[in-house]
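Structure record follows, encoded as C-alpha cells.
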Amino acid sequence: MFTLWGSTQRFCDGLTRRSFLKIGAFGATLTLAEMLRARALAAGVETGRPTSTNKSAIMIYLPGGPSHMDMYDLKPEAPAEFRGEFKPIDTNVPGVQICEHFPMQAKMWDKLACIRSIVSVDEHSDSAVSTGYSANTNRTASHPSFGSVVSKLRGGSNASVPPFVSLRGMSVGTEPGYLGIAHRPFTPSGQAQSNLKLPTNVNAGRMDERKELLEGFDDVRRDLDTSGAMAGMDTYTTRAFDMIASGAVRNALNLEKVDAKTRERYKGVEQFLTARRLVEAGVGCVTLSIGGWDTHGQNFTTLKKQLPQVDRGVANLIADLHELGMDKDVITVMWGEFGRTPKVNMNAVRASTARGERPKDRPCNPSQVLATIYQAMGIDPAKTFPNGSGRPMYILDDREIVSDLL
C-alpha cells in the first residue's frame, strides 16, 4: 500500500491516526529489497508464481461516522427530527432515491449497489470494515486487513508494482496482523516517493554497476550461508531495482502526465484519480480516504461541503473505469464505521427502518460484505493462513456471501 495523505487526522475519541510506515534513509535499492524479501518469506512463495487473481479493488473509507440517513438512506416520510435537512432525489433506477447532494451518482445509479442494512460493532474503529473483526477482538487475534491479504497472495506476481497501496493518512484499517510487517502499506509520501526514481547523476549504467556491487555482497553472504538460501543474486534486490527502473508506480503517481481536462474533473479529489491510475498500473488493492465524518453538532454544515466532493470523486472514478473497460476487473467499495443516531441531536451513530433505527430486512455484517468482496476478487474467503503461533486461521469466520451483490 502507498499513503499519499501524510497529514495527521484527529477524531473525537482523541486518537491521532497516521500512517507509520516509511522507507528508510538508505534508499530504495536496499529498503525495497528488504521489504520484498520479507514479504516473500512471509508468504512462502517463490518469485514468478502466478497470482491468484487478476482483479483489483479500490477501498474508499469515510473515516469517522458518515451519516447514512443523510447520504444513501434518507427517510423523507419520517418526522422532521429524524429525517434531517436534506431532500431525496430520484436516480436513474426507478423507485430509488439518494441525497440531493449526490446528483452525479444519481445519474449512474444503475452502475452502483448500496447496502442499507449493515450491522457493525459499537466502537470507534475502522477494524470491522477492513478486517471483518472488531478492534477489541483484533487486539489479540490480529486478523489482517483486506489489502494485506491481497498483498500476501500477490507478493510474488509482479516485480515492478507493489500489490497493496494506500492513499490514506492513517494506519488504522491497513494492519497486516499475523501476516507480518511485509504486508503493511508501502507509502510514497516524502522521502519514500523520491526513492522511486533514480538519484541525481545515476544513469542506467551506474545502476547496473550498483546491481553488480550488490551481487558481490551476495557472494559474501552466500559464503556465510549454510542453508543455500543465498544462491544466485538476491532475487528481491533485483525486484527492488525493477520497481525503480520500470517507473510504473512513479508514473501513476505523477498526475502531471494526465490531460488537463481529466485533472480538472478530479480537482480537489485527486486521490480518486491516483487510485484509478494505480490499478491501471497493476496494483492489486488501493485504499484511500476522504473527509472527516465526526460531524456531531456540525453534521449538516459539514456534509454540505463534503458530500459534493464524495459525489464527484465516486462518479468520476466509476465512469472512468467503465470507459476504460475496467469495470469488470476493479471492485470499488465505499464505507465507514457507522452512521448517526436516528434522531438528530448533538451526537452521531447506528443503523435503519422507517426511522433509521435498525435494519428492516436481510441484515448483514462487515465480515459478510468482505467475504463477498473476496469472492468477487477470486479469493476464497475460507482460505487459511498460519498465525504467529503456526495455527491455521481463516481469513474470515463468518463467510456468508451477500449474493445480491454478485
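Tabulated values for the structure
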read-out	value
Spans of helices (runs of 4 or more DSSP H) in segment 92-199 with at least 1 residues of a type in the set (A, V, I, L, M, F, W, C) and at pLDDT 80 or above	103-106, 127-131, 135-141, 146-154
Long-range neighbours under 7 Å by Cβ, at least six apart or interchain, first residue open to solvent by less than 60 Å² (accessible area, probe 1.4 Å) within segment 295-316, second among the aromatic types (F, W, Y)	L307/F102; D311/F102; G313/F272; N316/Y266; N316/F272
Options T332, T274; residue that is surrounded by 16 or more Cβ atoms within 10 Å (Cβ to Cβ) and either of a type in the set (F, W, Y) or in a strand (DSSP E or B) (or both)	T332
K75 vs. criteria at pLDDT 85 or above, more than 30 Å from Y178 (Cα to Cα) and open to solvent by 60 Å² or more (accessible area, probe 1.4 Å)	no
Selection count, segment 56-66, where residues are modelled with pLDDT under 85 and part of a loop (DSSP other than H, G, I, E, B)	1
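The values are calculated or read from the model by the stated rules, or taken from the named source; none is laboratory data. Remember, predicted model here, so these are calculated numbers, not experimental data. Cβ sites come from the backbone with ideal geometry, for glycine too, and all protein chains shown count toward neighbours. All accessible areas refer to the heavy atoms of the entire protein, side chains included, with ligands and DNA or RNA removed. Shrake-Rupley method; radii C 1.70, N 1.55, O 1.52, S 1.80 Å.
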